[in-house]
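Undergrad: Got a structure for you, written out below as structure tokens; questions coming shortly.
The values are calculated or read from the model by the stated rules, or taken from the named source; none is laboratory data. Since this is a predicted model, take the numbers as computed values, not measurements. When we count neighbours, we look across all protein chains shown, and the Cβ atoms used for this are built from the backbone with ideal geometry, even at glycine. Remember, those area values only see protein heavy atoms, side chains included, never the ligands or the DNA or RNA. Shrake-Rupley method; radii C 1.70, N 1.55, O 1.52, S 1.80 Å.
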Amino acid sequence: MGLLGVAMKSLPVGTAYAVWVGIGMVGAAVLGILLFDEPANASRIISLLMIVAGIIGLKLSTPG
């Protein structure tokens, strides 16, 4: 949570929170695949890549 506060000093709240949640979602899914042998099919990987693309898009489109 401390790092979210630091991020909100230079990013709007909506963007900072969306990036925070996106990183958490992708991290949880990747750890599930790596540590708990959850399926890593093509649609799941593509969905994770779309989340990462959205995070990058939000960061790049935010002025500042």
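Residue by residue, here is whether (1) at pLDDT 90 or above; (2) over 16 Å from S61 (Cα atoms); (3) touching a strand residue (DSSP E or B) at 6+ places or on another chain (Cβ under 8 Å) holds:
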residue	(1), (2), (3)
G2	no, yes, no
A7	no, no, no
T15	no, no, no
V19	no, no, no
A28	yes, yes, no
L31	yes, yes, no
L34	yes, yes, no
D37	yes, yes, no
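Undergrad: Of all residues in the stretch 41-57, count the ones that are more than 11 Å from V26 (Cα to Cα), at pLDDT 95 or above and not polar (S, T, N, Q).
TA: Total meeting the criteria: 3.
Undergrad: Here's another thing I want to ask about it. Can you find a residue in the stretch 42-54 that is part of a loop (DSSP other than H, G, I, E, B), open to solvent by less than 70 Å² (accessible area, probe 1.4 Å) and on the phi < 0 side of the Ramachandran plot?
TA: The answer is no, given that none of the residues of the stretch 42-54 is part of a loop (DSSP other than H, G, I, E, B), open to solvent by less than 70 Å² (accessible area, probe 1.4 Å) and on the phi < 0 side of the Ramachandran plot.
Undergrad: Tell me whether the stretch 17-25 contains one or more residues that are assigned to a loop (DSSP other than H, G, I, E, B), surrounded by 14 or more Cβ atoms within 10 Å (Cβ to Cβ) and not charged (D, E, K, R).
TA: no
Undergrad: Please go through the stretch 6-16 and give me each residue that is of a type in the set (S, T, N, Q) and loosely packed, with under 15 Cβ neighbours inside 10 Å, ordered by number.
TA: Within the stretch 6-16, S10 is the sole residue that qualifies.
Undergrad: Failed condition for L35, given (1) open to solvent by 80 Å² or more (accessible area, probe 1.4 Å); (2) in contact (Cβ under 8 Å) with a residue 24 or more places away in the chain, with all others met?
TA: Every condition holds for L35 apart from (2).
Undergrad: Then there's this: For the stretch 45-64, what are the residues that are farther than 17 Å from G32 by Cα and free of Cβ contacts under 8 Å to residues at least 12 places away in the same chain?
TA: M50, A53, I56, G57, L60, S61, P63
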